[in-house]
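A short write-up of the structure that comes next.
The values are calculated or read from the model by the stated rules, or taken from the named source; none is laboratory data. Since the model is a prediction, treat every value here as computed from it, not as a measurement. Cβ coordinates were reconstructed from backbone atoms using ideal geometry, including for glycine residues, and neighbour counts include every protein chain displayed. Protein only, heavy atoms only, side chains kept; ligands, DNA and RNA dropped before computing areas. Shrake-Rupley method; radii C 1.70, N 1.55, O 1.52, S 1.80 Å.
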Amino acid sequence: MEIKKVLVIASDFSTTPGARYREDGEFSGQEFLEKLLQPEFEKAVNGEYILKVDLDGVWGYPSSFVSGSFGKLSLEKGADLVLKYITFKSDENPIRLEKIINEIKKPIKK
Amino acid sequence: MKKRYILLISALVLISFVLGVLLSRIVRDFPLITFNHEIKIFEVLTFILTLLIGILFPFLIKKWIEDNRSIKSCLADEIKAILLTSLKIKAIIEKASANNNILATDKDEINFIFHEMEMQIASFQDQIAISFKNESQAISNELKKKFHEYKDYLTGGEMMTSTFTIDQKFVRAHVTHYSLFERHLKSLTHKIYHL
């Protein structure tokens with residue numbers, strides 16, 4: 001499968017992601033999931049291509065944002081399917097890349 | 001440079017030997033010293049071994065000890081840098097507690113400091129893997145585990161919500177979580193010197 005879409009969080013969503021739910025404030029994980037991540041993920045699954053998520057340029061990902069977006073998607077769709085259709089890029093911070101992949105592999109139900 | 005030293009020492013040893021032989025030929029009645037023409041094999045080996053220790057110790061072993069010490073010191077400095085960065089979070093929480101208010105910009109700043117710490121941890125992970133390949137995996141994993149426990153507590157809970165108000169209960173809980181992380185960093189500094 002080839003990469004047909006690149007989702008750059010810093011420019012397509014925010015450089016300062018917020019908390020878990022919409023009611024918690026701006027740029028929440030839920031908002032990101034519903035507005036961008038899930039629709040783009042569905043398109044990738046239906047179109048049989050890979051969605052690349054660029055994590056760079058963001059000034060830190062709060063744990064609640066990661067759990068409310070990537071973790072939630074994994075709980076709903078399954079870790080294997082998510083990791084089959086989404087690939088991640090972070091040239092500046094390998095620890096955040098590891099954390100997001102771990103969150104998908106072992107999502108915490110909240 | 002190292003080659004020049006070895007050549008110089010070898011030349012000095014040779015000159016001393018030749019001088020010794022010549023001197024013993026000229027001055028034949030040195031008191032208490034007699035030249036034994038029979039040399040046993042273990043005596044030759046002892047001589048070579050002594051010579052090797054004399055050359056190896058200052059030039060190779062001492063250098064190895066000093067290099068090892070400076071590598072450990074460099075790794076300990078990386079941990080100290082993480083500790084110093086983490087203090088900035090503690091200061092933000094203390095200031096917010098004193099003002100009885102935590103601003104959205106404070107939360108953004110905390111997220112950015114965690115990002116900074118992640119990059120420092122990534123750097124430490126790379127450095128330790130170069131010199132201590134066998135121990136690096138376990139040490140880095142433990143550091144990341146403790147870091148994420150602290151980060152998840154602070155940015156994975158109520159503090160990130162817009163309705164959050166800072167109180168003494170939160171500040172005290174934060175001190176406990178921060179101290180656990182701080183303690184791990186300090187123990188890690190000691191552990192590095194025992195590698």
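Key figures for this structure:
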| quantity | calculated |
| --- | --- |
| Farthest positive-ward along region B:70-193 dipole, Cα basis, beta-carbon charges - from B:Ser97, B:Leu87, B:Ser187 | B:Ser187 |
| Heavy-atom accessible area, 1.4 Å probe, ligands and nucleic acids excluded: residues of region B:123-167 down by at least 10 Å² from chain alone | B:Gln125, B:Lys144, B:His148, B:Lys151, B:Asp152, B:Thr155, B:Gly156, B:Met160, B:Thr161, B:Ser162 |
| Table column - 3J(HN,Hα) (Hz), region B:131-147, Karplus curve with 6.51, -1.76, 1.60, x for Gly and Pro | 9, 10, 4, 5, 8, 4, 4, 5, 5, 5, 4, 5, 4, 5, 4, 5, 4 |
| The protein assembly as shown: calculated mean residue ellipticity at 222 nm from DSSP helix runs of at least 4, using -39500 (n - 2.57) | -22000 deg cm²/dmol |
| Calculated FRET efficiency for the pair B:Ala138/B:Asn99, C-beta based, R₀ 41 Å, to 0.05 | 0.50 |
| Listed pairs A:Lys5/B:Lys151; A:Lys52/A:Lys106; A:Lys84/B:Lys151; A:Lys72/A:Lys106; A:Lys72/B:Lys90; A:Lys84/A:Lys105 exceeding 22 Å between Cα atoms | A:Lys5/B:Lys151; A:Lys84/B:Lys151; A:Lys72/B:Lys90 |
| For the protein assembly as shown, size of Cβ-based charge dipole, Lys and Arg +1, Asp and Glu -1, in debye | 1140 debye |
| Fluctuation leader among A:Phe13, A:Phe70, A:Phe41 - chain A, Gaussian network, Cα springs under 10 angstrom | A:Phe13 |
| Table column - 3J(HN,Hα) (Hz), region A:6-19, Karplus curve with 6.51, -1.76, 1.60, x for Gly and Pro | 10, 9, 9, 4, 4, 9, 8, 10, 6, 8, 10, x, x, 8 |
| Portion, in percent, of the accessible area of chain A that falls on carbon or sulfur, probe 1.4 Å | 50 percent |
| Max mean-square fluctuation residue, GNM over chain B, Cα-Cα springs under 10 Å, options B:Leu87, B:Leu51, B:Leu22 | B:Leu22 |
| Simple spin-label estimate for A:Val8 and B:Glu158 in nanometres, 7 Å along Cα-Cβ | 3.9 nm |
| Efficiency of FRET from Cβ geometry, A:Glu76 and B:Ala173, R₀ 35 Å, rounded to 0.05 | 0.65 |
| Of all accessible heavy-atom area on chain B, the percent that carbon and sulfur account for (1.4 Å) | 64 percent |
| Stretchable slack from A:Asn102 to A:Ile50, in nm (0.36 nm times residue separation minus alpha-carbon distance) | 16.8 nm |
| Top of B:Thr50, B:Thr161, B:Thr85 by mean-square fluctuation, Gaussian network on chain B, Cα under 10 Å | B:Thr50 |
| Area hidden from solvent between A and B (accessible, protein heavy atoms only, 1.4 Å, total, Å²) | 1600 Å² |
| 27 Å tail of the calculated P(r), region B:1-151, as % of Cα pairs | 57 percent |
| Nearest-ten-degree value, helix B:41-56 long axis tilted from longest Cα axis of chain B | 40 degrees |
| Minimum 40 Å² accessible area buried by the other protein chains, region A:2-28 residues, probe 1.4 Å, relative to alone | A:Asp24 |
| Per-residue mean of C-beta atoms belonging to partner chains within 10 Å, peptide A:87-94 | 2 |
| Stretch gain in nm, segment B:Leu51-B:Leu23, where the contour uses 0.36 nm per residue and the Cα spacing is subtracted | 7.9 nm |
| Other-chain or far-sequence residues with amide H under 5 Å of A:Thr87's (modelled H) | A:Leu51, A:Lys52, A:Val53 |
| Accessible surface, per residue, of chain A when the full set of protein chains is kept, probe 1.4 Å, Å² | 46 Å² |
| Where region B:101-155 is the region considered: accessible area per residue in Å², 1.4 Å probe | 45 Å² |
